[in-house]
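K.L.:
Dumping the structure here so I can ask a few things about it.
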Amino acid sequence: MKKLGMIIASISMVLTVITPSMTPHEVHAATNGDVVVNEVAWMGTTVDYNDEWIELYNNTGSAISLDGWTLNATDGSPSINLTGSIPADGYYILERTDDNAISGVTADHIYSGALSNSGENMNLRDDNGALIDNVDAWHEGDNDTKATMERQDPGVAGSDASNWVTSTGSYSEGKGTPSSSNTSGSGGSGGGEACTDTTEHLNQVSEAPDAINVYFNKCAMNQYADAGNEANYNVNLEDRLLKRINAATTSIDFATYEINLPKVVDVLIQKASEGVDVRVIADSKDATDPHYVDRFKTMRLYVEEMVRGKDMVVGTADDIHVFSDSPMLAVEDTNLRADHNLPSSPDDFKERTIMVGNTEMTGYLFVEAEQQSDGTYYSPDNQMHNKFALIDDQWVFTGSWNFTVTGLYGSEENMTNGVLDGNQQHVVEVNSSELSSIYETEFNEMWGTSTLSPSTSNANFGPRKVDNTTHQVTIGGKTVEVYFSAGDDAVGRMAELVKTEADLNTYFTIFAWSDQTLVDELKYKWEGSYQDQQGTRTGFDVKGVFSSDFWNQWWSASVEMTGRTVTGSENNPNIRWANAAPVYKDAEARKLHSKTMLVDADTNSDPTVIVGSTNWSTNGNDVNDENMLIIHDDAITNQFVQEFNARYIQAGGTVN
């Protein structure tokens, strides 16, 4: 297995150094707007959230000395005394702590002091103290994708919110354009226009026994549909989940990596108040990690709503039973609690001091978790990454979609307006008591028991689980395989399938892929060799789209499949393809989040699609809690072809 490392995607900037021998017109005094704060990585990078950086831009045709200039936050941190100069029509990069934030770009200035993720008011002043530019808030940027906030028009100074966008450019450590032109909110990786229809299309939906319904929240290209098999696309996945939960009469088992959708929380609470048995497994986070601190506060407030139930009283019949891989302590901020109509204090929960990993924590414990043999709790380092719901021991609702605002809508405003501008996702729901029973076995292994009350001592998450489920069922004549991580070697089964069952083609969209065996088996299909930079084209067809988040990470299969060498790969066992495959980085507005592989699509050779929550990586296979479905069916696979072609053409690929 390959390890995460640094890569290079940016071109080093040639710095203009101002010397005393330069003539006066080469360096001049600045006026308001001559230099602007052009881009801010207030969220850090995919490598480290502490790797914050700031870019200044010179709007003039002359170099400007920055000696004596300051860039200060009004709250006192950071407080930066600038030196050196910024070249004509050029950039000046400030990196926090050291020069490691952006590979391939040398910092012009190293500063100290963290940028608050909740926002800063920063003033850029010249050596006379005159205000040159101001940034009064983080109007844009994305902490999930590590996409920077960049100025749409660098020629307009000041902090007009409409002049800031979230970058869709890409560099080694995230989304952004350090030391290069801003993306101005357009494009991704420059692909073609696949489809522009935003109307919801529900074409293949059935309530019948053995039904398998597939939903895509982004557009699909139904010109690639088999007759009468047009896909469901531009679908509001929340509506489909609400419909399924609302129909529950006896039980709901709900496993969620993250949740902050108020309608979903409300309907779960309502069903519990009606007497439906509702069990929820929710992934816990590190409450001090800046990546999650605000989101995890929000999630815990919603989870506490569920724990209290409709009457908001702890320990009554309408409460939802919630359990986690690591314990949750209640949020005590009275204003935030008021926003969720919670009691002003959580003191009706027992205040406890507990050991979580190696950390002692004190607070109001309101969600219990798996305990170690000595009674301490496991840390939240591993991820309970599932996103599935089991309804009445009959319906299985699963896929790549996290039950979040970002995952579907992109923003609170979009959610209010019903605009689906979130990450690219898929959902599969199956009407099968046999498949539901298999998922319930997995749920109960994490829960520790089959009853309503979880067991802290019998629960097993992540690598402590065992392979205890059936892996193949027949649903309406279709062979469906199901694998769970950790323990079932789901990605190993994928590699075996490619090796022994893929005859004609493999297409994929993937968020993160580092598994070496899987990419090597696909290399052999493509060019008949497992060796680095060796092989001859076999005629086997490969097409794919990788998340731009990891396109240039040395461990990513994208690097090997395109035959590249990037920083970090020179001294690691990357096995590059001699014949570069037509694979692309995504051109999505937000994340390409699916983990989907199609094998022998649109052929007579057992068309198969692999879907679920599992990234094809060591964590996805051996550490996290995940689920994967392998569906052998030509019609279902063809529906995924329709969505794949939209993503592929948009990314720059060509479909015959």
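K.L.:
How many residues does region 144-162 contain that are under 16 Å from Thr177 (Cα atoms) and not β-branched (Val, Ile, Thr)? Step through it out loud before you land on a result.
P.N.:
Keep residues of region 144-162 that are under 16 Å from Thr177 (Cα atoms), which gives 145-154.
If we keep only those that are not β-branched (Val, Ile, Thr) too, we end up with 146-147, 149-154.
Here the count works out to 8.
K.L.:
With Met628, Met561, Met597 as the choices, which residue is more than 27 Å from Thr398 (Cβ to Cβ) and at pLDDT 95 or above?
P.N.:
Of Met628, Met561, Met597, the one residue that is more than 27 Å from Thr398 (Cβ to Cβ) and at pLDDT 95 or above is Met561.
K.L.:
Further question on the same structure: Looking at region 454-475, which of its residues are over 16 Å from Met628 (Cα atoms), polar (S, T, N, Q), touching a residue at least 12 places away in the same chain (Cβ under 8 Å) and surrounded by fewer than 15 Cβ atoms within 10 Å (Cβ to Cβ)?
P.N.:
If the condition is that a residue be over 16 Å from Met628 (Cα atoms), polar (S, T, N, Q), touching a residue at least 12 places away in the same chain (Cβ under 8 Å) and surrounded by fewer than 15 Cβ atoms within 10 Å (Cβ to Cβ), then Ser457 is the only one that fits.
K.L.:
Among Glu626, Glu570, Glu588, which is the only one that is closer than 30 Å to Phe443 by Cα and assigned by TED's automatic domain parsing to the domain that holds Leu504? Can you show your working first?
P.N.:
Working: Glu570 fails: closer than 30 Å to Phe443 by Cα; Glu588 fails: closer than 30 Å to Phe443 by Cα.
Selected residue: Glu626, the only one of Glu626, Glu570, Glu588 that is closer than 30 Å to Phe443 by Cα and assigned by TED's automatic domain parsing to the domain that holds Leu504.
K.L.:
Follow-up. Take Phe550 and decide whether it is within 25 Å of Asn100 (Cβ to Cβ), under 24 Å from the mean Cα position of the chain (by Cα) and modelled with pLDDT of 95 or more. Explain how you work it out, then say what you get.
P.N.:
Numbers: within 25 Å of Asn100 (Cβ to Cβ): yes; under 24 Å from the mean Cα position of the chain (by Cα): yes; modelled with pLDDT of 95 or more: no.
Spelling it out, it is not the case that Phe550 is within 25 Å of Asn100 (Cβ to Cβ), under 24 Å from the mean Cα position of the chain (by Cα) and modelled with pLDDT of 95 or more.
K.L.:
May I pose another question? Does Asp283 satisfy being at pLDDT 95 or above, buried (at least 17 other Cβ atoms within 10 Å of the Cβ) and under 19 Å from Ser453 (Cα atoms)? Spell out how you get there, then give the answer.
P.N.:
Working: at pLDDT 95 or above: yes; buried (at least 17 other Cβ atoms within 10 Å of the Cβ): yes; under 19 Å from Ser453 (Cα atoms): yes.
Criteria met by Asp283.
K.L.:
Here is a further query. Here are some residues: Tyr91, Tyr57, Tyr49. Which one is farther than 20 Å from Val135 by Cα and in contact (Cβ under 8 Å) with a residue 60 or more places away in the chain?
P.N.:
Tyr49
K.L.:
Pull up region 248-280, narrow it to residues that are touching a strand residue (DSSP E or B) at 6+ places or on another chain (Cβ under 7 Å) and of a type in the set (Gly, Ala, Ser), then point me to the one that is surrounded by the most Cβ atoms within 10 Å (Cβ to Cβ).
P.N.:
The selected residue is Ala255.
K.L.:
Which condition number does Asn229 fail, the rest of (1) farther than 28 Å from Ser437 by Cα; (2) assigned by TED's automatic domain parsing to the domain that holds Asp348 being met?
P.N.:
Condition (2) is where Asn229 drops out.
K.L.:
Please work out which one of (1) within 25 Å of Lys350 (Cβ to Cβ); (2) part of a helix (DSSP H, G or I); (3) modelled with pLDDT under 95 is the condition Asp294 fails and give its number.
P.N.:
(1)
K.L.:
Looking at this structure, is Ile80 part of a strand (DSSP E or B) and crowded, with 18+ Cβ neighbours inside 10 Å?
P.N.:
Details: part of a strand (DSSP E or B): yes; crowded, with 18+ Cβ neighbours inside 10 Å: yes.
Judged against the criteria, Ile80 is a match.
K.L.:
Additional query: Being over 25 Å from the mean Cα position of the chain (by Cα), aromatic (Phe, Trp, Tyr) and crowded, with 20+ Cβ neighbours inside 10 Å is the filter here; which residues of region 504-543 pass it?
P.N.:
Residue satisfying the conditions is Trp526 alone.
K.L.:
Right, another one. Go through region 211-231 and report how many residues are farther than 14 Å from Val641 by Cβ and either touching a Ser or Thr at 6+ places or on another chain (Cβ under 6 Å) or not in a loop (DSSP other than H, G, I, E, B) (or both).
P.N.:
The qualifying residues number 3.
K.L.:
While we're looking at this one, here's another question. So which residues in region 552-565 are crowded, with 22+ Cβ neighbours inside 10 Å and either at positive phi or assigned to a loop (DSSP other than H, G, I, E, B) (or both)? Spell out how you get there, then give the answer.
P.N.:
Our first condition is that a residue be crowded, with 22+ Cβ neighbours inside 10 Å; within region 552-565, this holds for 552-561.
Listed by number, the residues that qualify are Asn552, Gln553, Trp554, Trp555, Ser556.
The values are calculated or read from the model by the stated rules, or taken from the named source; none is laboratory data. Fair warning: this is a prediction, and the values are worked out from it, not measured in the lab. Cβ atoms come from the backbone with ideal geometry, glycine included; neighbour counts cover every protein chain shown.
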